[in-house]
Structure formats: C-alpha cells, structure tokens
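Where a number appears in this text, it was derived from the coordinates with a stated rule and is not lab data. Because the structure is predicted, anything quoted here is derived from the model rather than measured. Cβ placement follows ideal geometry from the backbone for every residue including glycine, while neighbour counts extend to all protein chains displayed.
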Amino acid sequence: MSIPNPLLPILVLFLYLASQASYAQVRQQTIVFPWVASENRTLVSNNSVFAAGFRTANSSDRYVFTVYYANITDLPLSKIWSVNDDSPVNGSSSLFITASGELRVGEIKFPGAPTSSSNSTRVLQLTDDGELKFGNWSSFHHPTDTIIPNQNISGTTLSVGGGTFKFDGKQLLFTGDYDESMYYSNANAFINFDELGMVHLENGFSLIASDYGDKVLRKLKLDDTGNLRIYSFDPKSSQWIIVWQAVPELCRIKGTCGPNSICMYGDNYDSTVCDCPPGYQRNSGADDVQCVRKVPNLSSSKFLQLDYVNFSGASGEGNQRSIVAWNFTACEAGCLNDPDCVGFGYKFDGQGYCVLVKQLLYGLWSPANEAAFFLRVDSSESDQTNFTGLTSILETTCPVRVSLPLPPEESKSTTRNIAIISTLFAAELISGVAFFWAFLKKYVKYRDMARTFGLEFLPAGGPKRFSYAELKTATNDFSITNVVGKGGFGDVYKGVLTDHRIVAVKCLKNVTGGDNEFWAEVTIIARMHHLNLVRLWGFCAEKGQRILVYEYVPNGSLDKFLFHSGKVEYTNGDEDVEDSKLLDRKPILDWGIRYRIALGVARAIAYLHEECLEWVLHCDIKPENILLGSDFCPKISDFGLSKLRKKEDMVSYSRMRGTRGYMAPEWVKSDHITPKADVYSFGMVLLEIVTGVRNFDIQGSKMDSEDWYFPRWAFDKVYKEMNIEDILDNQIKSSYDSRVHEDMITRMVKTAIWCLQDRPEMRPSMGKVAKMLEGTVEIIEPQKPTIFFLGDE
C-alpha cells in the first residue's frame, strides 16, 4: 500500500516522537554504572510490580534514589525505600561504585555501607518481593519508614522526622524536646505481614486488616504524624486506603501540637486541629503554632474548667506531680500553693485522683478523658471555657420534691412545764422499751414474732419479708399457668397478694449464703430507687427457698415489642379465629416511644454505675431484661443479683458472662471488666431499638455469616452509603419523617456506635451516653466498630 506524499512528513514525525518516548523510559533488569540521576532509567523487577531509580523530589532539579511500586505515579505514597530522602541530589550526581567496591549516591553512603569485592557480584538487583540487593547487602535489612509484605520486621527499626518517631517492632516511641516516651505498645513483637493483610506476631497470634483476604498492593508505614498504619492500594480509585492503624486517636500521639495547645479533631479522626485554651492566644512571631498566656504574670488566680481535656505532659516528677485529694477543694489548694502550677487534673469519682501540672504539654481533647482539667488564669481574665459537658449534673425525668413542715412557734411555756413534759416522755419511753424487751424474750424467734405483729419491715425502709405460704397462695401454688417469664436467675410467676396487689414472684436458683447474708444483699437491692428500675417489694428465705417479690410490670419485656415472629395470615376464612391470634401480638412502638425507652434505660444504668452507694455492674443488658409499664416507661430488671449466685454456678468476672450477642469484647479477651462492658451491651440494644432486628440476624449481606458484624453493617449503611433509612425498622419505616425524626435517630445511631467501640477506653460513660441521647452534648463522628480484638493477643 503506498502512502500519499502529503502524509509522509507527518508519519516520519510520529515515528520519531514514539522512539524518543520509549527511550525516555528505559525499563531494565541490570544497571550499567555510573547511573546519572538526570537519566530517566528505571530498574524493574521481573514481575513488573516494583521499580527502582532516581525520581524528582519537591523541586524538579533535585533527585531521590528510591524503590517504589511501579505504575503508581504518586511518589510519596508509592515509595517503600530510599537512600537520600532527606538529602536530594542534583541531576549531575550519580549512583556509582567506588574503587573499594562501595555503592554510593554522590557523597551519600547507603545504610550499612554495601560493598562488593569482585566484579561478578557488583550487580544491583531488584527482586520480585521488592528487595534491592547488592552483593550480600539488602534493603530489607535497613528499612526507612516502610515494610512491605514478606519482609521481615523482627530486629528492624522504622523512623521518621529525623528519629522523632520510631517503631522497633513492638513499641512506638516519641523523642521530643520535652520527653522521651512510648505511646503505643503491643504485648508481642511484629514478625512480618502477608499480602492478605495479616500481621504475624511472635506468639503465633496476628492482627488483621479491615480488608483481610483481598490480594492487593500493601505496605506497613510509619507516617510523618507518628502513626503506624497498613495501607492497601485500591485500583478502582487509584488511592491508598488505611485498613489498620496502631493509634486510632491521632491526638494521643505526642508532639502533634506544640506547648500550651490542645489537639482536637477535624471532620474525622484522620485530621487534627491545634487550638489555644481560653486565656491563651497564638504567638504571632513563632513559625509554628504556639500559644502564650494573655496575662503572663498572675496577680491573683482563678481556674477555668476544661472538660474532656487532658495535658499528659512530659514523664517524670519535673513536670507533673500526683497528690491524693479526697475533694475538689484540696486539689485546688494544692495548685494554688505551688507558684509553678499552671493547672490540675481532677476526677469526680471519690478516688482522690489529682495531678498538678507545671507545663501544658501534649494537650488533647477526647470523649474518653474521664478527668476534667482546671486551667489557672488571672482573675481578670474574661475568656469563658468552651470545653463543657463532662461534669454536668444528670437530670432525671422524675424529680423528687421534699417539703418539710414549718417549725412550730416558739413555746411560751415555763421551765417547769418543760421539765414535767420531758419527765413524762422519758418515763413513757423507758416503759415502752421495758415492755418491748420482755416481749422479745418471750418470743425467741424474731421471724415468727414479726409475722404475728406485722413487723415485716426492716429499719430504714427495708423490704418486706414474706412467708413461703403467702407466696404459694398468691401464685396459686406456683402454677405453670402463672409463669410470665424465664431467665438465668429463675422463673417468674404472676401473683396476687391478700391486699390485692399484683406482684411478680421470682424463684431464684443456685443462690448462696445463709438467711442473714441473703437478707443483707436483698436490703441493698431494695434501696436502689429509680424511675427506670423495677422496684423490689420483698423477699422470702425459708425452707431452702430464695424468692424475690417485685412490682408487676404489665406490658412485659421489650423484645416482645421489637422482634415480631411474623405476619398473621387468614387461612380458612375464619376471621374470628385469626383475630384472636392478632390479640397476642404486641403493638408496634413508634419512634417517640423508642427514644424515651432508650433514654430511660441509659439513665437507669448511669444511676447503677455512678449514683448508687455501692457500685453495681449489671453484666446482662438485653431487651429481655427491659420491662415496659402501662405507659411504656422502661424498667430494668435483674440488677444487683450477681452476689446471690453460688460460686460454682457463677461464671468468673475474668471470663465470659452474660448473653452472647450483647457481651463486650473484653469478656472474650479475659480482660479486666469495668462499667464499659454494660456500655457496650446498651449500644447493641440501642441499635436493635432502631433496626427492630436481633444483632445476630444477617440483614441482606453477601458476606459470610462468620464475618458478618451487626455494628459494622449499621456503620457502613449510615456513614459509607449515607442512607440511614436502610437500617430503620421495616415495621415503622413508612412513618419516618426526616424533618421530625432525623436528628433524634441520628443521635441514637451515633451514640450506639460510640458505645460499640472495641476498646473500653474509647466508649463514653453511661452518664455521657445519657447526655448524648438528650442532645446536650455534641457528638463527634464515631470510629467504625471493628472485631480486631480476635487477633490481638
């Protein structure tokens, strides 16, 4: 085929440009030394996954010799190893071998000073695993800030920022101007990690990335922020995705913000903002963000309360000093008496926690901070604190108003009349005591005497002591037709007392202790009074029986209203028969009632954790233990019963205890159990209130059942797919109105996700949870719930 003459010059020009472009990107497996930086040559592995060569740094005339993932143009994120990242060279510099066989880039030596004595071994190779080799030298033995799959981690150290942050395979270390300390530690050292996203530990266990199982490009990198992360490359979006990180809260990495600053989070946990506390302002003359006190010399002092704020400071006694202060005034006085004290941290838990601080270092804001910080400023300071919410008093829906009668007018009787009245009163009191003592001696058994004369009540409003015969009559001989519930502690019967009160009678199984011990424990439970707790009226302890008598809650447990078995269908056209089945179905709860139920349960658990004289951990929060009154007021049952179980029948607190599906991760890990275990269970119940389904029912997911996780499904629907309506209860989804219900349901979902964090310290206290549901505390975006704890040991 002949080419027309007018097109011939164009074809020649096209062939010339194509040859020039191919020459500009020489891909080769062997290198000829010296290798000049400005030459656009590339050393490529046989599998074409990795490449090595000179790449331009920030300025176009400076070069860095680096190993990187091929075909990924973003140098900072594709780089896995470099020689001169901190010292780029000019274009005339080269990679060469000295006369002694040493490999260098310009005047810069390779780490470990690689040398080769024979010409046969003076070959620079790049393996299919991304390992750069020169003789016996390997880049895997001298990593910079990145580890790639199949690379050994044990015995190596990663560092960034000139050694400011280091990872030695087990700990993340910070070296700053004020401190040298550890801010992350794993009990077992990292060995290596594979292409599927699993980090292998020295004890045989492992850590698992969130996209575990996907065969994609990965790397373990110590970021410039000091966080250790695993990245996966997403070929669809051409971006590196964070799939695991050692420190979820970036503000907990020391050095993120300067002195006198508070580290806060931006739109999410991947960004931080450094802010000055009240009474401080930015130093305009400094290059970085620094804060200075507006009034440097304090003539007189006052304190501003900063909730959720903590200044961890430098380690050692030079900057912080802990004292035991049993009240706030003592802690405040300790700081006022020290002229170098700039503030103090205090917990309102009655444990005497008080820390005096001399320098405001490494400040951070986090909902996980349980202590409040009190910042010392001049009395003339007009700034108001904008960090509020930690110690606000929990408001109840049922305030108790106590009124006392007015005192009688002052008596105008004479001294003689007062003496006569006092004498008569004393005589009557002595006579009454004498007769009562004689009566007690005649009836030796106090229990029989109490039943005879109606002294059923203990001092200070204790519970009534019923006889077994009374309860047997009330429940129709504990008839099976009167059973209204079954649980781990025993069966519950509906009964009617002689005074026509309707009660719920719980027959306990496998309880321990004699009558006195049982009496004492029941008395403690009976003194727990809250609108949203089931009221204990009395008990029975005779003939080997241990029985508790509660108020009767007519509507039964919450699960009957949330989880309906299915629709009722007419079969034979007999509507009268099928209508009788509909009568057994519980009504569907609307969004307003569900919100009031969630808020009432949160306040009741907060009361058990924070307001009772004795600390109470429920350990079994679930819909079956939440009862609904006639007005759908929620009431928690089965609280405070753990001490009544026999030791051989009670699972130890160091092992799993409760109902599967509602147990916090620390039960599985055998970690120390705190009130945060109840917070996790409440979060699961809160999600079930919103979705109307059990947490173990897979909701239209293609994921295998063993990998499906209810909180993660809800999080993806709300925050990844941005469609909250997908998780709403199908029974009342049609009544959802975004203008009326969106704010309320969003608060419920955000609060539930915060409660379901796998680490206990990340979950808020129940007092904070109640505030989050009320809307009196701002709720930041929660982190995605994970199940990484399964491989964390």
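At 0.36 nm per residue, and after removing the present C-alpha to C-alpha distance, how many nm does the segment from K509 to Q351 gain when stretched out fully? List each step's numbers first, then the result.
Working: separation 158, 0.36 × 158 = 56.88 nm, distance 3.59 nm.
So the chain would gain 53.3 nm between K509 and Q351.
As a quick test, which of the pairs K166/K254; K733/K768; K170/K347; K215/K236; K166/K221 have an alpha carbon distance above 23 angstrom in this structure? Spell out each step's value before the answer.
Values: K166/K254 12 Å; K733/K768 29 Å; K170/K347 32 Å; K215/K236 14 Å; K166/K221 11 Å.
Exceeds cut-off: K733/K768; K170/K347.
Using just the Cα positions, wrap segment 262-378 in a convex hull and report its mean projected area in square nanometres, one decimal place. Write out the running numbers ahead of the final one.
On the way: hull surface 32.3 nm².
Mean orientational projected area (segment 262-378, Cα hull): 8.1 nm².
Taking only the alpha-carbon atoms of segment 142-267, what semi-axes of the equivalent ellipsoid follow from 5 times the gyration tensor eigenvalues under a square root, in whole Å, largest first? Display every interim value, and only then the final one.
Numbers: eigenvalues 125, 66, 32 Å².
In descending order the semi-axes read 25, 18, 13 Å.
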Mind checking the full-extension length gain between L298 and S237? Use 0.36 nm per residue of separation minus the Cα-Cα distance, one decimal, nm.
16.4 nm
I787 paired with A189, simple spin-label distance in nm, labels 7 Å along Cα-to-beta-carbon
3.2
Can you compute 3J(HN,Hα) from phi for each residue in segment 670-683, using the Karplus curve 6.51 cos²θ - 1.76 cosθ + 1.60 with θ = phi - 60°, rounded to whole Hz and x for Gly and Pro?
6, 7, 5, 8, 10, x, 5, 5, 5, 4, 4, 4, 5, x
Computed P(r) (all Cα pairs; segment 79-137; 10 Å bins; percent)
20, 53, 26, 0
Just need the relative contact order of segment 262-378 here, percent rounded to a whole number, with Cα pairs under 8 Å and 6+ apart.
32
Measure off 7 Å from each Cα along the Cα-to-Cβ vector at S48 and N268, then give the distance between these two points in nanometres to one decimal.
3.3
Which stretch or stretches of segment 199-241 have amide N atoms under 19 Å from the point lying 7 Å from S181's Cα along the Cα→Cβ direction?
225-228
If the convex hull of the alpha-carbon atoms of segment 586-626 is projected onto planes in all directions, what is the mean projected area in square nanometres?
3.4
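Over segment 209-276, what relative contact order in percent results from Cα pairs under 8 Å that are six or more residues apart? If you can, show how the numbers build up before the last one.
Numbers: 99 pairs, mean separation 14.3, N = 68.
Once normalised by length, the contact order is 21 percent.
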Full-extension gain in nm, E774 to T674, via 0.36 nm per residue minus C-alpha separation
33.6 nm
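Quick one: net charge of A474's neighbours, Cβ under 11 Å, K/R +1, D/E -1? Could you put the intermediate results ahead of the total?
Details: positive: K472, K494, R501; negative: E470, D477, D499.
Within the 11 Å Cβ shell, the charges total 0.
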Under a plain spin-label model, where a point goes 7 Å from the Cα along Cα-to-Cβ, how far apart in nm are T164 and N150?
3.5
Check G343: other-chain or 5+ apart residues with amide H under 5 Å from its amide H, H built from backbone geometry?
V357, R376
In segment 110-193, if every C-alpha pair distance is counted and binned at 10 Å from zero, what percent goes to each bin?
16, 39, 28, 13, 3, 0
Can you list, bin by bin at 5 Å, the percent of alpha carbon pairs in segment 21-140, starting at 0?
2, 12, 23, 26, 23, 11, 3, 1
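Between their Cα atoms, which of K486/K771; K486/K720; K676/K717; K494/K676 are more than 30 Å away from each other? Don't jump to the answer; show the numbers that get you there.
On the way: K486/K771 33 Å; K486/K720 40 Å; K676/K717 25 Å; K494/K676 34 Å.
From the list (K486/K771; K486/K720; K676/K717; K494/K676), the Cα-Cα distance tops 30 Å for K486/K771; K486/K720; K494/K676.
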FRET E, pair E614, A113, Förster distance 45 Å, beta-carbon r, rounded to 0.05:
0.10
Taking R0 as 60 Å, what FRET efficiency do you get between V216 and A333 from their Cβ-Cβ distance, rounded to the nearest 0.05?
0.50
